[in-house]
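The values are calculated or read from the model by the stated rules, or taken from the named source; none is laboratory data. As the structure is a computational prediction, the values presented were derived from the model and not from experiment. Every residue, glycine as well, gets a Cβ built from its backbone with ideal geometry; the counts of neighbours run over all protein chains shown. For accessibility, only protein heavy atoms count, side chains too; no ligands or nucleic acids. Shrake-Rupley method; radii C 1.70, N 1.55, O 1.52, S 1.80 Å.
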Amino acid sequence: MKALVLAGGAGTRLRPITHTSAKQLVPVANKPILFYGLEDIVEAGINDIGIVVGDTRDEIRAAVGDGSRWGARVTYIEQEAPLGLAHGVLIAREFLADDDFVMYLGDNLLRQGITEFVERFRRDRGDARAQILLAKVPDPERFGVAELDADGHVVRLVEKPTDPPSDLALIGVYLFDATIHDAVRALEPSARGELEITEAIQWLIGQGHQVRQQVVDGYWKDLGELDALLEGNRLVLEAMDRSIEGSIDGASRVEGRVVVQAGAEIVRSTIRGPAIIGEGTRVIDSFIGPFTSVYYDCEILGSEIEHSVVLEQSRIVGIRRIEDSLIGKQVEVSRSGTRPLANRLMLGDHSRVDLG
């Protein structure tokens, strides 16, 4: 069995961060989102992985490499534009050959992993040509949605319906055999100009093929927007164990489940978990509150941060309170110290700022 990971999306909902970075590499609890998926795939016993990449191909190649750190072999498949999930399958035909494969969206976070899902497909799929993972959601109109019959069989899939037939959303993890290649070749672009994987699976159903389904037990997050990213960060931090590898001076307090990574320094500060402080980061005269991840080589001086994600090499100085925020790479946030007192900003396109 092989794996196909889709990492070619533009990440428009996380702009401006994704103007310069791949959304799949934004860290959750100081680990790129994409890495969680790769770990799940390898844990399920799949080592031959194709990654579909787009405009951020160079960044993803640099981060993932050849896959050897996970004991995997990675093949990169270039997509000229984000033309739909089924298009990713179409252009990966040579890599996939006639093997069964799992397709995994690179910005997904799935608590329970995919091992059980893969084992079930291998063990007792019967005549099924595909298996989909579903989750109950409060806003099914934002997703592809599955309609089941009384026996739990998949009878219809609808992409972002205005009148959802159920609250069961497709979560971006699928298992297919080679029949899916016939399906994607039969598709025409949808109204939004994409080859939709929901239509490909519907084609399988229309041809009389069985599509199995499984509802996930633990949390699932599509981390393509700020609130979901912060929630995913919170969920991962809650499951982490306390670990102190960096230095903490005698005037500091570290409370609860806190990870202080190697080379980090905590000076005259309070870190209240769950939280993680990255390698080489310095926190001085500051408060880092629950559900906060600070990535590597940052400086937090005389500031308070809670329920936020701070990316690498950023500097926050003299800010009384930051919360519910995503701070990008190499960002500096500080007070000018000049009068008249005012907020002085330099913001890129698609930025969002809430000032209290």
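A few remarks follow.
- When segment 85-108 is filtered for residues that are under 14 Å from L6 (Cα atoms), outside any helix (DSSP H, G or I), open to solvent by 10 Å² or more (accessible area, probe 1.4 Å) and not charged (D, E, K, R), only L105 remains.
- For the condition crowded, with 18+ Cβ neighbours inside 10 Å and either assigned to a helix (DSSP H, G or I) or not basic (K, R) (or both), Q112 does not qualify.
- Scan of segment 32-71 for residues that are without any contact (Cβ under 8 Å) to a residue 60 or more places away in the chain, of a type in the set (A, V, I, L, M) and not in a strand (DSSP E or B), ordered by number: L38, V42, I60, A62, A63, V64
- Meets criteria (of a type in the set (G, A, S), surrounded by 15 or more Cβ atoms within 10 Å (Cβ to Cβ), under 26 Å from L38 (Cβ atoms) and at pLDDT 90 or above) for A178: no
- Among the residues of segment 231-254, those identified as closer than 24 Å to G144 by Cβ and of a type outside the set (G, A, S) are E231, L235.
- Yes/no for I171 being open to solvent by less than 20 Å² (accessible area, probe 1.4 Å), in a strand (DSSP E or B), of a type outside the set (F, W, Y) and touching an Asp or Glu at 6+ places or on another chain (Cβ under 8 Å): yes
- Taking segment 24-55 as the range and being at pLDDT below 95 and open to solvent by 30 Å² or more (accessible area, probe 1.4 Å) as the test, the residues that pass are K31, Y36, D55.
- Test for E59: is it out of contact with any helix residue (DSSP H, G or I) (no Cβ under 8 Å at 6 or more places or on another chain), among the charged types (D, E, K, R) and either buried (at least 19 other Cβ atoms within 10 Å of the Cβ) or under 30 Å from R234 (Cβ atoms) (or both): no
- Qualifying residue in segment 73-93 (condition: among the polar types (S, T, N, Q) and under 26 Å from D227 (Cα atoms)): no
- Where E188 falls short, out of the listed (1) in a loop (DSSP other than H, G, I, E, B); (2) modelled with pLDDT of 90 or more; (3) surrounded by 15 or more Cβ atoms within 10 Å (Cβ to Cβ): (3)
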